[in-house]
Structure formats: C-alpha cells, structure tokens
Amino acid sequence: MKTVILGSGKGTNAKAIVQAQTKQLLGNAEIIAILSDKRESGILEIAKDHNIENRYLDPGPFNSKFDEKSEQAWIETIRGYEPDLIALAGFMRILRPSFIDAFEGKILNLHPSLLPSFTGLHAINQAFDHGVKISGCTAHWVNEEVDGGKIIAQAPVRIMQGDTVEMIRRKIQGVEHMILPAVIRDLSVGSIPFPES
Ligand code: GAR
C-alpha cells in the first residue's frame, strides 16, 4: 500500500509511522514520500533522517488553503507517486473539493479531538476551554466537510484538574502515535476497509 504523508509541522506522527515501518509493524504499507508545505518543517527532517523521499512544495499565497495553481502542482506531484493512501499527519491546510476528488476515498486525516467535537483549528484549546474531562484523537476519511468524514478509529485521553493545554497536547500526541501507524497497518492488510466508491 503505497503511502504518501503530508504534514506541516514537527512530524512526530510521521516519525511514529516511519519507526513502525522500520520495525516491520506497518503491514503491507510502504511510506514512499513525505511532502510538506513548510520548507523548514521538522517532518522533512524526519524524512531525511530515515532516507525517505521528501519534498517541500510551494503552497501558494494563502495561509490555510491552496490556490488553483499550487493545488494543481500538488495534485500532479502526488499522482506521480501513484499512492494508494495519502495520510495527513499534521497537514494544516483545508483541502478544496478539487483536491479531494482527485484522490477520492484515499485521504486519511488525523485530528486532535474526539470528533465530532472540536473541529477545525485549535482543537486542543477548544477542548481545554470547554473543560471537557475526556478528549483524544480521531483518524477519519477526508470529505468536503472540514473534519466531517467517516470516523475510522479514535483513542481517548483523560484530562485531569490542573492539566495545561501543553499537557493535554502531549497526552493526545501519545495516543496519536499509536493510533495512526495502527490504522495504516490495518488498512494495508485489509482489516479496516477503504471507503466504497
Ligand atoms: C497532531 O497533533 C495532529 O493531530 C494535528 O497536528 C499535530 C501534528 O503534530 N492535526 C491537526 O490539528 C489537523 N487539523 P506532528 O507534526 O508532531 O505530527
């Protein structure tokens, strides 16, 4: 299962996936490329450290979405890898319908809340501000509704009195690092199905 990872940040989830691959815990999945919309992102360093094909691609002039021209370049580059799965691991851009259509049923996202609660940006701050006592992470298919696609897997964390946003983030990332490689492995061996087209 040829897998391309897209990310914008530190890349701790990409690292967990790559480490699972190194330990042969990723089933039939193979990480063939890691792409970032941020030139200096940790995720590209992680790819380099593990000798995985990696590229910065210009995202265009907007902060949170692609413009038409850059989107086309991203689509063409990703198509070149002929991926079976595109895993968004901290990719901080809202994908337009034209991008989603180009890879229908193949885009998996990781979100730092128990969806459908706390969609969009700053999900961990939203959970903190609401004072919820259980949060977690969600792996889900990407459709045209932001963080609204079918849920594949979730993992909970408890939020204790006195936890800071940073402490909650660390707890959530702890479960993310388990759930994302596990979902990719399960997809690659067919124990989790891809969406029906
Ligand atoms: C992860 O916590 C992921 O859930 C979140 O970004 C972080 C990336 O961390 N994604 C989103 O907020 C998407 N809306 P990482 O770069 O260390 O893997």
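Of the candidates Ile124, Ile100, the single residue that is in a helix (DSSP H, G or I), touching a helix residue (DSSP H, G or I) at 6+ places or on another chain (Cβ under 9 Å), among the β-branched types (Val, Ile, Thr) and in contact (Cβ under 8 Å) with a residue 40 or more places away in the chain is Ile124.
For the stretch 127-149, a tally of residues being open to solvent by less than 20 Å² (accessible area, probe 1.4 Å) and in a loop (DSSP other than H, G, I, E, B) returns 1.
Against the numbered list (1) on the phi > 0 side of the Ramachandran plot; (2) within 16 Å of the ligand (Cβ to nearest atom), Gly7 comes up short only at (1).
Looking at the stretch 17-26, is at least one residue within 15 Å of the ligand (Cβ to nearest atom), farther than 17 Å from Glu176 by Cα, modelled with pLDDT of 95 or more and open to solvent by 70 Å² or more (accessible area, probe 1.4 Å)? Show your work before the answer.
Of the residues in the stretch 17-26, the ones within 15 Å of the ligand (Cβ to nearest atom) are 17-20.
Add one more test, that the residue is farther than 17 Å from Glu176 by Cα, and what stays is none.
Checking the stretch 17-26: not a single residue is within 15 Å of the ligand (Cβ to nearest atom), farther than 17 Å from Glu176 by Cα, modelled with pLDDT of 95 or more and open to solvent by 70 Å² or more (accessible area, probe 1.4 Å).
A residue that is touching a residue at least 60 places away in the same chain (Cβ under 8 Å) and either within 14 Å of the ligand (Cβ to nearest atom) or farther than 23 Å from Met178 by Cβ (or both) occurs somewhere in the stretch 62-78. Among the conditions (1) within 9 Å of the ligand (Cβ to nearest atom); (2) more than 19 Å from Met1 (Cβ to Cβ), the only one that Gly136 does not satisfy is (1).
Only residues that are assigned to a strand (DSSP E or B) and either under 18 Å from Gly11 (Cβ atoms) or touching a His at 6+ places or on another chain (Cβ under 6 Å) (or both): list them for the stretch 80-97, please. Scanning the stretch 80-97 gives Leu85, Ile86, Ala87, Leu88. Do any residues in the stretch 41-58 that are open to solvent by less than 60 Å² (accessible area, probe 1.4 Å) have Cβ atoms under 7 Å from those of residues that are among the aromatic types (Phe, Trp, Tyr) and in a helix (DSSP H, G or I), where the two are at least six apart or on different chains, and which pairs are they? What qualifies is Leu57/Trp74.
Kindly evaluate Leu35 against the criterion of being assigned to a loop (DSSP other than H, G, I, E, B) and either open to solvent by less than 10 Å² (accessible area, probe 1.4 Å) or modelled with pLDDT under 95 (or both). First the steps, then the outcome.
Values: assigned to a loop (DSSP other than H, G, I, E, B): no; either open to solvent by less than 10 Å² (accessible area, probe 1.4 Å) or modelled with pLDDT under 95 (or both): yes.
Judged against the criteria, Leu35 is not a match.
Mind checking whether some residue in the stretch 160-172 is closer than 28 Å to Lys23 by Cα, in a helix (DSSP H, G or I), touching a residue at least 60 places away in the same chain (Cβ under 8 Å) and in contact with a strand residue (DSSP E or B) (Cβ under 8 Å, 6 or more places away or on another chain)? Taking every residue of the stretch 160-172 in turn, at least one turns out to be closer than 28 Å to Lys23 by Cα, in a helix (DSSP H, G or I), touching a residue at least 60 places away in the same chain (Cβ under 8 Å) and in contact with a strand residue (DSSP E or B) (Cβ under 8 Å, 6 or more places away or on another chain). A single entry from Thr77, Thr119 fulfils the requirement of being of a type in the set (Val, Ile, Thr) and open to solvent by 50 Å² or more (accessible area, probe 1.4 Å): Thr119. Is it true that some residue in the stretch 42-51 is modelled with pLDDT of 95 or more, within 16 Å of the ligand (Cβ to nearest atom), outside any helix (DSSP H, G or I) and closer than 28 Å to His122 by Cβ? No, the conditions are met nowhere in the stretch 42-51. Quick one: is Ile152 crowded, with 18+ Cβ neighbours inside 10 Å and among the β-branched types (Val, Ile, Thr)? So Ile152 passes the test.
The values are calculated or read from the model by the stated rules, or taken from the named source; none is laboratory data. These figures come from a predicted structure and were not determined experimentally. Here Cβ is always computed from backbone atoms with ideal geometry, including for glycine, and neighbour counts include all displayed protein chains. Heavy atoms of the whole protein, side chains included, go into the accessibility calculation; ligands, DNA and RNA do not. Shrake-Rupley method; radii C 1.70, N 1.55, O 1.52, S 1.80 Å.
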